[in-house]
Amino acid sequence: MNLGLYMAQRLSAMVMVPLVFGHLGVMIYAIQGGLTTAEILERTMGSLWWFLFYGCFVVAVSIHSAIGMRVIVHEVLKLRGLALELVMWAFGISILFLGARAVMAVTML
Amino acid sequence: MIRPHRTHPLWFAYMLHRLSGLGLALFLPVHLYVLAMALTRPASLDRFLAFADNPIVKLAEFGLVFLLAVHLFGGLRLLALEFLPWSGRQKSAAAAALAGAFLVSGSFLLRAV
Amino acid sequence: MYFHNPLKNDRCAVSEEDILEVSVWRGTGDTGEYETFQVPARESQTVLDVVTWIQQQIDPSLSYRYACRVGMCGSCAMMVNGEPRWTCRTHVKKVTRDGALQIGPLRNLPTIKDLAADMDPFFDKWIAAGGVHTPSRSRAEPIAEVSPEDPGRVEANKGIECINCSVCYAACDTVANTPDYLGPAALQRAWTLYNDSKVEDRQAVLDAVSKNNGCHNCHTQGSCTQYCPNELDPLSAIAGLKRASAKSFLFKSKEDRQ
């Protein structure tokens with residue numbers, strides 16, 4: 001882990017601090033009386049704010065989790081060099097893709 | 001067995017942060033995939049959400065919220081240790097992080113059942 | 001049971017409960033095993049005393065390293081019941097478990113023979129972390145005055161009593177998992193230099209610890225600070241390096257850094 005990765009890891013963490021608090025609050029609120037697709041979509045559909053909130057979240061979490069996975073894979077599986085870079089980028093891009101799809105699914109049609 | 005040189009609060013705080021982070025990172029793809037069903041197959045999502053109503057799944061959800069809360073407070077602890085002038089009160093910070101995580105996930109569980 | 005008492009130079013009776021079961025790592029390089037010795041327990045005795053007793057009374061071929069015996073030189077550190085200790089100042093009574101001691105060479109370093117670890121990687125990293133002092137003035141110039149109250153000096157003072165015993169290095173799991181990682185001692189040394197106004201290029205110190213093997217690998221496990229026999233705080237020193245390098249990353253342009 002060098003300075004660049006460290007900064008990306010810490011800055012994405014700082015971005016996520018308020019977002020995770022928000023997300024925890026939404027969860028505790030949303031699960032009252034059970035969850036339905038209609039209820040989720042009613043809350044989020046067509047809302048620019050939810051789009052921005054979860055859009056930022058997805059970008060930050062794909063950076064943060066990819067670097068975290070890189071560290072674990074390096075320390076536990078002893079992977080290094082190009083293979084390690086590939087694991088990090090593949091994980092981050094997958095999360096970014098899945099996340100973008102999910103955010104679009106619940107905020108726009 | 002936990003080796004003797006690891007039996008101190010900061011090492012446990014580290015391990016908790018690593019395991020919660022790993023758990024969340026592995027859960028994330030599933031979570032995002034299920035959410036995207038709202039667009040592609042709303043009926044499947046509803047079936048999934050109905051399935052998620054049973055108590056075992058509720059407990060697993062509590063676990064996930066706990067992981068998120070643990071990782072959040074553990075991360076705040078790290079950011080404070082690294083970026084705020086060093087206070088030397090690391091052990092109480094680690095304990096406070098854990099307490100905060102229990103508080104948040106506990107209230108989730110109370111609401112859920 | 002009778003044991004030779006080197007202090008009295010005669011034989012003295014020792015009861016069963018006064019015997020220490022001591023298993024000591026024997027072997028060269030990567031191979032070896034623990035060998036058990038029975039050592040008479042004394043009222044006041046250090047782990048180094050026990051090792052020395054075995055070497056003098058039972059097996060002169062036992063290899064280990066020590067010099068000062070008073071916690072100054074940093075050469076006698078070993079693993080004692082799984083924990084890194086400076087053996088010359090570790091009282092046996094404080095570390096025995098059920099009258100037993102397991103003594104091995106320092107973790108995270110290659111073993112030369114028996115209890116003697118190869119310290120080369122430890123000192124190589126000391127240098128790699130920018131640990132060599134590069135003065136800002138020549139000997140022809142007057143000595144720079146540094147006030148003892150200067151905040152940088154106060155910070156540097158916290159780390160300068162390091163005796164290079166490698167206890168922190170042996171305690172660190174990040175060193176174990178990432179063998180290239182510079183480790184707590186070298187990074188703490190870098191932190192003292194970064195805070196020393198007499199060092200010519202302090203940004204160079206930051207750059208040296210900001211590479212792939214540098215301070216940003218630290219996971220704040222805190223075993224270094226937990227085990228430092230001189231009660232120093234490498235964990236805080238490394239946090240200081242992270243803070244300083246993050247600041248230089250955010251607030252200085254590339255040109256300034258070169």
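Summary of computed values
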| item | result |
| --- | --- |
| 10 Å Cβ neighbours from other chains, averaged over peptide C:212-218 | 5 |
| Angle in degrees between helix C:184-194 and the longest Cα principal axis of chain C, rounded to the nearest 10 | 30 |
| Between 0 and 90°, nearest 10: helix C:234-251 axis offset from chain C longest Cα axis | 20 |
| B:R3-B:L26 pseudo-label distance in nm [points 7 Å out on the Cα-to-Cβ vector] | 2.3 |
| Eligible aspartates and glutamates near C:K93 by straight Cα distance, threshold 19 Å, same-chain separation 8 or greater | C:E16, C:E17, C:D18, C:E21, C:E43, C:D49, C:E83 |
| Residue-count net charge about B:Y33 - beta-carbon cut-off 15 Å; Lys, Arg +1, Asp, Glu -1 | +3 |
| DSSP loop GluC sites (Glu not before Pro) with at most 16 other Cβ within 10 Å: longest gap in chain C | C:44-144 |
| Relative contact order (%) - chain C, alpha-carbon pairs under 8 angstrom, separation at least six | 16 |
| Set C:K125/C:K242; C:K211/C:K252; C:K211/C:K247; C:K198/C:K252 screened for pairs whose C-alpha atoms are more than 20 Å apart | C:K198/C:K252 |
| Ranked C:T87, C:T225, criterion: other C-beta atoms within 10 Å, fewest first | C:T225, C:T87 |
| Potential extension, C:C73-C:S147 segment - 0.36 nm per residue separation minus Cα distance | 23.8 nm |
| Percentage relative contact order, region C:126-206, counting C-alpha pairs under 8 Å, at least six apart | 47 |
| Average Cα contact separation per residue, chain A, under 8 Å, 6 or more apart, as relative contact order % | 39 |
| Selected from A:F91, A:F57, A:F21 as most flexible by GNM, with chain A as the system and alpha-carbon contacts under 10 Å | A:F21 |
| Summed side-chain charge close to A:V106 - residues other than A:V106 whose Cβ falls under 13 Å, Lys, Arg +1, Asp, Glu -1 | 0 |
| Gyration tensor (alpha-carbon) shape descriptor, region C:24-74, a/c threshold 1.5 | oblate |
| Options A:L3, A:M16, A:V58, ranked by Cα towards positive dipole end of region A:3-107, top entry (Cβ charges) | A:L3 |
| Rg over Rh, two decimals, region C:131-184 (C-alpha only, Kirkwood Rh) | 1.13 |
| Region C:151-240, dipole about Cα centre (Lys/Arg Cβ +1, Asp/Glu Cβ -1), debye to the nearest 20 | 80 |
| Cβ-Cβ FRET estimate between C:Q56 and C:S197, R0 fixed at 56 Å, reported to 0.05 | 0.70 |
| Cα coordinate range in chain C, projected on the principal axes (Å, largest first) | 74, 39, 29 |
| Helical contribution to [θ] at 222 nm, DSSP H n ≥ 4, -39,500 (n - 2.57), averaged over chain C, rounded to 500 | -9000 deg cm²/dmol |
| Estimated [θ] at 222 nm from DSSP helical runs (n ≥ 4, -39500 (n - 2.57)) normalised by residues in chain A, nearest 500 | -30000 deg cm²/dmol |
| Only Lys, Arg (+1) and Asp, Glu (-1) charged, at Cβ; the protein assembly as shown dipole about Cα centre in debye | 860 |
| Rg/Rg_globular for region C:120-257, with Rg_globular taken as 2.2 N^0.38 Å and Rg from C-alpha atoms | 1.04 |
| Counting DSSP beta bridges with both ends in the protein assembly as shown, the antiparallel % (nearest 5) | 85 |
| Prolate/oblate/rounded call for region C:28-156, Cα gyration tensor, a/c under 1.5 rounded | prolate |
| Pairs of Cα atoms farther than 17 Å apart, region C:81-149, % | 66 |
| Shape box of the protein assembly as shown [Cα atoms, principal axes, largest first, Å] | 93, 67, 41 |
| At most 11 other Cβ within 10 Å, DSSP loop - trypsin sites (Lys or Arg not before Pro), region C:98-155 | C:R137, C:R139 |
| Proxy reagent accessibility, fewest Cβ within 10 Å first, across A:Y54, C:Y34, B:Y14 | C:Y34, B:Y14, A:Y54 |
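Values quoted throughout were computed directly from the atomic coordinates according to the rules given, and no laboratory measurement underlies them. Predicted model only: the values in this text are computed from it and were never measured. All Cβ positions, even for glycine, are placed from backbone atoms using ideal geometry, and neighbour counts span all protein chains on display.
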